[in-house]
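Scroll down for the structure; my scribbles are underneath it.
The values are calculated or read from the model by the stated rules, or taken from the named source; none is laboratory data. Everything numeric in this text was worked out from a predicted model, so none of it was measured. Cβ placement follows ideal geometry from the backbone for every residue including glycine, while neighbour counts extend to all protein chains displayed.
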Amino acid sequence: MSVGTDTALGLTESRTVVGIAVKVVIYAVVVALFAGPLIALLSGAFSEVSDPTDLSVIPNRPTLENFAIAFDFGVLGYLANSFFVVGFGLLLQVIVSVLAGYALARKKFRFSALVMVAILATMMLPEEILALPLSILLADLPVVHLNLMGTLAGMIVPLGAWAFSILVMTEFMKDVPLELEEAARIDGASELRVFAQIIVPLCKPALGVIGVFGFTMIWDQYLLPLLVSQSSATYTLPLALRTLRIEPEVTPGVVMAASLLALAPSVIVFLLFQRSFARGLTSGALKG
């Protein structure tokens, strides 16, 4: 007679030796598929790799030379550009998302549904379709008539509004009890005070979600820097990886060292804010 326990789906989980062995094999395959490339990247970054087919999960002749060569090719400068763009771009994006979410969730005005549909429609358009009109706008910014092409500001301004972040903030703010807002107004709180001291603090889980997703989205941008940059001085690290690969002196190990530097910030940000991220996702699931 087999020994087993019922799972959440009503299936029977085997506790026999064969069942445990099958689970171990499945887990090992999953780990190899998902973690294998990352482990190979980490190993290759610290190895003397001249042939991409020589990659392994164990470093071959460990060395830091790959990072030294990457630094000689200006990777630190490209990394600084990426941090500048993601820092100001994410700050602008969070401010716009919070203000837009507050207006759409707490205020009644004509065509609010149409505005939300227009915002959501931007999520359906591929970046390639927006490339041409975006380049025209950045070459002659409306009202102020500034040319942002070839500048880091040209990469930051288009990132200020992201439909996903606005949607998350709007839906989260809709679930903030109206009684709290009404009680604050009875006590004489102004519009700004209600927004800053009641609505925004209650939306911290949502801020964690849009912060992590926003950081990753901006950090991984490739088409926008490619469109705006006119010289290597404004390259971000993802864009610089393309030019680094075509250098004859650059070995696969150097490319992997630069790729590791490009990957590390996203992983660090997720680890630092994973509690707020998970809380925000859980809150959204419970309210939905």
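When we screen LEU148, LEU114 for residues that are over 21 Å from LEU207 (Cβ atoms), assigned to a loop (DSSP other than H, G, I, E, B) and of a type in the set (A, V, I, L, M), the only hit is LEU148. For residues that are within 27 Å of VAL209 (Cβ to Cβ) and surrounded by 16 or more Cβ atoms within 10 Å (Cβ to Cβ), scanning just segment 120-152, find the one that is modelled with the lowest pLDDT. Applying the filter and picking the extreme gives LEU130.
Might you let me know whether segment 168-189 holds any residue that is within 19 Å of the chain's Cα centre (by Cα), without any contact (Cβ under 8 Å) to a residue 24 or more places away in the chain and closer than 30 Å to VAL228 by Cα? Looking through segment 168-189, none of the residues is within 19 Å of the chain's Cα centre (by Cα), without any contact (Cβ under 8 Å) to a residue 24 or more places away in the chain and closer than 30 Å to VAL228 by Cα. Does GLU171 meet the test of being assigned to a helix (DSSP H, G or I), of a type in the set (Asp, Glu) and modelled with pLDDT of 85 or more? Yes. Among the residues here, GLY188 does not qualify as closer than 22 Å to TYR235 by Cα and either modelled with pLDDT under 90 or assigned to a helix (DSSP H, G or I) (or both).
Only one of ASP6, ASP54 is exposed (fewer than 12 other Cβ atoms within 10 Å of the Cβ) and either touching a Ser or Thr at 6+ places or on another chain (Cβ under 8 Å) or at pLDDT below 90 (or both). Can you tell me which?
Working: ASP54 fails: exposed (fewer than 12 other Cβ atoms within 10 Å of the Cβ).
Answer to the check: ASP6.
Do any helices (runs of 4 or more DSSP H) entirely within segment 199-256 hold 3 or more residues that are over 24 Å from ALA45 (Cβ atoms), touching a residue at least 12 places away in the same chain (Cβ under 8 Å) and not charged (D, E, K, R), and if so, which?
Working: elements: 204-219, 223-228, 237-245.
Where helices (runs of 4 or more DSSP H) fall fully within segment 199-256 and carry at least 3 residues being over 24 Å from ALA45 (Cβ atoms), touching a residue at least 12 places away in the same chain (Cβ under 8 Å) and not charged (D, E, K, R), they are 204-219, 223-228.
Cβ-Cβ contacts under 7 Å between residues 6 or more apart (or on different chains), taken from a first residue in segment 79-92 that is under 13 Å from MET217 (Cα atoms) to a second residue that is at pLDDT below 95 and aromatic (Phe, Trp, Tyr), are listed as SER82/TRP219; VAL86/PHE215; VAL86/TRP219; LEU90/PHE215.
Out of the residues in segment 25-51 that are assigned to a helix (DSSP H, G or I) and aromatic (Phe, Trp, Tyr), which is modelled with the lowest pLDDT? Outline the logic, then answer.
Just the residues of segment 25-51 that are assigned to a helix (DSSP H, G or I), to begin with: 25-45.
If we keep only those that are aromatic (Phe, Trp, Tyr) as well, we get 27, 34.
On the way: TYR27: 85, PHE34: 77.
Among residues in segment 25-51 that are assigned to a helix (DSSP H, G or I) and aromatic (Phe, Trp, Tyr), the one modelled with the lowest pLDDT is PHE34.
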